[in-house]
Amino acid sequence: MLRSFSVTDIGKKRKLNQDFVYVSETPVGNLPNLFVVADGMGGHNAGDYASKCTVETMVREIRGCFEKNPVRILGKAIRMANDQIRRKAKEDSSLFGMGSTVVAATCLGHYLQVANVGDSRLYIINDEIRQITRDHSLVEEMVRLGSLDRAAARNHPDKNIITRAIGALDTVEIDFFHEELKPGDIVLICSDGLTNMLEDEAIGNILRERLSLEERAVKLIEAANNNGGRDNIAVILIDVFSKE
């Protein structure tokens, strides 16, 4: 039986929470369930508006979508959110330059379909922790090209520069991932407020503890804040084969 838990936290340094999460364990349109993390960017209130608008537009589109294929459903919703963010930014000068990351996932039996734009992440944790999404960031491009090693990437000054975002361009390029899940797997969707504060190994260790999903999520937030809490933190945990 699928169970999930979600939480966001403002962190220790920010005055606004620009992370937005959406969780539905029951059907949304033709999707059997839906889990979304969006991390907004932009001055003043533009970032929190961008993440909220991104998710709300997606959910509305998914509810009204006649497509059956989850990739098409998620893709169409993300493209519509991109159009909406672009339109709103043109209409209101205070929202100019706003954007958002997005990771959206749906569990189809024991398969997971994922869509990603930006540097928020989805992991699958069992005996090991595996990052499924690929960051769309300048630093990740440098790592992929071999000009920067993974250890140096963690503290690179350009770490926050992302190469793709909802609202950045008229057309948005989306990555899709299809993963098989097995008993014991925990799915983590999170913003970079978590992953910039905690190494993957530390995240994996917390998620392997014999605690409820809620207790593990809260522990992740506490650990990120104890390590500096420099950004907002968003966490969704999903246990597809829960025995709780």
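Could you grab me the full set of residues in the range 130-166 that are assigned to a loop (DSSP other than H, G, I, E, B) and under 20 Å from V71 (Cα atoms)? Across the range 130-166, the qualifying residues are I132, T133, R134, D135, H136, R164, A165. Reported count of residues in the range 223-234, each being in a helix (DSSP H, G or I) and surrounded by fewer than 24 Cβ atoms within 10 Å (Cβ to Cβ), is 3.
Quick check: is even one residue across the range 39-49 surrounded by fewer than 18 Cβ atoms within 10 Å (Cβ to Cβ) and free of Cβ contacts under 8 Å to residues at least 24 places away in the same chain? No - not one qualifying residue is present in the range 39-49.
When the range 76-94 is limited to residues that are closer than 20 Å to G64 by Cα and among the polar types (S, T, N, Q), the one that is farthest from the chain's Cα centre (by Cα) turns out to be Q84.
Under 6 Å between Cβ atoms, at least 6 apart or on separate chains: pull out the pairs that start in the range 74-87 with a residue that is crowded, with 16+ Cβ neighbours inside 10 Å and end on any residue that is charged (D, E, K, R). Correct list of pairs: A77/E61; M80/E61.
Of all the criteria given as (1) surrounded by 12 or more Cβ atoms within 10 Å (Cβ to Cβ); (2) at pLDDT 95 or above; (3) more than 17 Å from A115 (Cβ to Cβ); (4) not aromatic (F, W, Y), the one not satisfied by I161 is (2). The residues of the range 103-118 that are in a strand (DSSP E or B) and either touching a Leu at 6+ places or on another chain (Cβ under 8 Å) or surrounded by fewer than 24 Cβ atoms within 10 Å (Cβ to Cβ) (or both), listed by number, are V103, A104, A105, T106, C107, L108, Y111, L112, Q113, V114, A115, N116. Go through (1) closer than 28 Å to R14 by Cα; (2) crowded, with 19+ Cβ neighbours inside 10 Å; (3) under 16 Å from the mean Cα position of the chain (by Cα) for I186 and report which single condition fails. Here I186 meets the rest and fails (1).
For the range 52-66, indicate whether the set of residues that are more than 26 Å from I124 (Cα to Cα), surrounded by fewer than 18 Cβ atoms within 10 Å (Cβ to Cβ) and among the small types (G, A, S) is non-empty. Checking the range 52-66: at least one residue is more than 26 Å from I124 (Cα to Cα), surrounded by fewer than 18 Cβ atoms within 10 Å (Cβ to Cβ) and among the small types (G, A, S). Out of curiosity, is F96 closer than 19 Å to V172 by Cβ and at pLDDT below 95? Against the criterion (closer than 19 Å to V172 by Cβ and at pLDDT below 95), F96 qualifies.
You will find that of L181, L207, L220, L237, the residue that is closer than 20 Å to G118 by Cα, modelled with pLDDT of 95 or more and surrounded by 15 or more Cβ atoms within 10 Å (Cβ to Cβ) is L237 and no other.
The values are calculated or read from the model by the stated rules, or taken from the named source; none is laboratory data. Please read these numbers as outputs of a predicted model, since none were measured by experiment. Virtual Cβ from ideal backbone geometry, glycine too; neighbours counted across all protein chains shown.
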